[in-house]
């Protein structure tokens with residue numbers, strides 16, 4: 001999860017810098033970026049990473065390990081389920097483009 005979280009961080013930060021560069025966002029978005037990334041790390045990435053570590057190395061987690069690998073096998077055998085598992089990675093990414101000025105006007109029913 002750490003590497004996946006890192007990719008999400010880069011993508012989100014890219015959106016923030018793009019928004020600043022195109023004058024869609026001001027620099028305060030970087031504070032929002034920091035808050036959101038910390039929240040996602042605390043609520044998702046760290047717990048999943050710890051669970052994965054224990055699943056692999058803790059002898060008391062054999063049952064969890066077996067269930068995890070059954071889920072992986074199911075994802076491999078069932079394309080619909082496999083796709084849903086693969087797409088769940090998007091949960092670690094926050095869409096910072098939603099704060100772009102042009103999108104704010106569009107969501108409020110006004111024109112930017």
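Bear in mind that the values in this text are calculations on the coordinates, not laboratory data. On a predicted model such as this, the values are computed, not experimentally measured, just so you know. Using ideal geometry, Cβ is built from the backbone for each residue, glycine included, and neighbour counts are taken over all protein chains shown.
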- Query: In nm, to one decimal, how far is the modelled label at residue 43 from the one at residue 73, with both set 7 Å along Cα→Cβ?
  - Reply: 3.4 nm
- Note on the structure: Listing 9, 77 by rising number of other beta-carbon atoms within 10 angstrom, fewest first, gives 77, 9
- Burial order of peptide ranges 10-17, 46-53 (average beta-carbon count within 10 Å, highest first): 10-17, 46-53
- Query: So what is the calculated 222 nm ellipticity per residue for the chain, using -39500 (n - 2.57) for each DSSP H run with n of 4 or more, over all residues, to the nearest 500 deg cm²/dmol?
  - Reply: -21500 deg cm²/dmol
- Order by neighbour count: 3, 56, fewest other Cβ atoms within 10 Å first, most last. 3, 56
- Express the Stokes-Einstein translational diffusion coefficient of the range 2-107 in µm² s⁻¹, to the nearest whole number, given a Kirkwood radius over alpha-carbon pairs, 4 °C and a viscosity of 1.567 mPa s. 81 µm²/s
- In percent, what relative contact order does the chain have, based on Cα pairs under 8 Å that are 6 or more apart in sequence? 37 percent
- Message: Taking R0 as 41 Å, what FRET efficiency do you get between residue 63 and residue 20 from their Cβ-Cβ distance, rounded to the nearest 0.05?
- Response: 0.30
- Message: Taking R0 as 30 Å, what FRET efficiency do you get between residue 56 and residue 34 from their Cβ-Cβ distance, rounded to the nearest 0.05?
- Response: 0.45
